[in-house]
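As structure tokens, the structure follows; a few thoughts come after it.
Derivation of every value follows stated rules applied to the coordinates shown; laboratory data play no part. The model shown is predicted, which means the values in this text are computed figures rather than measured ones. Neighbour counts run over all protein chains shown; Cβ positions are idealised from the backbone, glycine included.
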Amino acid sequence: MQLFGSTDSGHSYKVRSFLLLTNTPHDYQWVDLSNKPSAFLAISPFGEVPVLLDQGRIFCQSNAILIYLAQRSGQFTGGEEWQGALEWLSWEANRIGFSLPNYRFALHWQPQPPEVMRYLQQRVLADLNTLNEKLAVREFLLKSGLSIADISCSAYLFWLDQIGVDVADYPNIKRWLAAICQLPGWCHPNEAMKRIPNPD
């Protein structure tokens with residue numbers, strides 16, 4: 001199994017995190033997004049990371065890959081709450097998975113007009129409020145415990161400091177992230193997604 005991802009890609013981190021948390025053997029292939037290799041573009045349907053190769057099959061789009069891995073391994077599915085896990089993945093794609101990455105990207109790499117920045121910031125804050133409220137009644141997003149819903153929705157939140165948000169302002173999110181950090185195999189995205197030097 002090979003995972004193609006890159007530094008600063010929270011979407012890639014979702015998949016890498018699942019593989020690490022489940023102790024799934026895999027090779028992590030770092031991709032330079034500023035100069036994408038032709039070999040990578042040949043296998044990436046959208047020219048984006050992450051891409052997962054497994055048994056000759058190509059998988060793309062982070063949440064779709066999480067669904068595949070959960071079904072393949074039987075881990076972090078949410079069990080009888082599978083439908084709930086899928087609903088959270090859809091919410092993530094439209095909400096926190098849209099607002100936070102775009103706001104972070106605009107702050108650090110591609111500034112946008114003030115009105116766009118305000119819009120993205122307000123979207124982020126609204127999404128954080130939603131998560132904080134939902135996490136007030138349970139440890140993880142589903143009653144059954146950690147699932148791909150948590151892996152997906154938390155990915156970019158380990159970089160909240162990069163967008164000027166203090167996680168302490170969202171105590172339920174802070175507790176949730178701390179619980180995820182304590183899981184065997186967990187690794188911060190800065191470490192998990194860094195470039196791995198080629199062996200000599």
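When you restrict to C-alpha pairs under 8 Å that are six or more residues apart and normalise by the size of the chain, the relative contact order lands at 29 percent. Net charge near residue 187, counting Lys/Arg +1 and Asp/Glu -1 over other residues with Cβ under 13 Å of its Cβ? After counting each charged neighbour, the total is +2.
Relative intensity of the chain on a log10 scale, I(q)/I(0) at q = 0.09 Å⁻¹, equals -0.33, per a Debye sum over C-alpha point scatterers of equal strength in the absence of solvent. Taking the Cα centre of the chain as origin and assigning +1 to Lys and Arg Cβ atoms and -1 to Asp and Glu Cβ atoms, the resulting dipole is close to 80 debye. The listed peptides 36-45, 11-20, 185-194, ordered by packing as a protection proxy, come out as 11-20, 185-194, 36-45 (highest mean of other Cβ atoms within 10 Å first).
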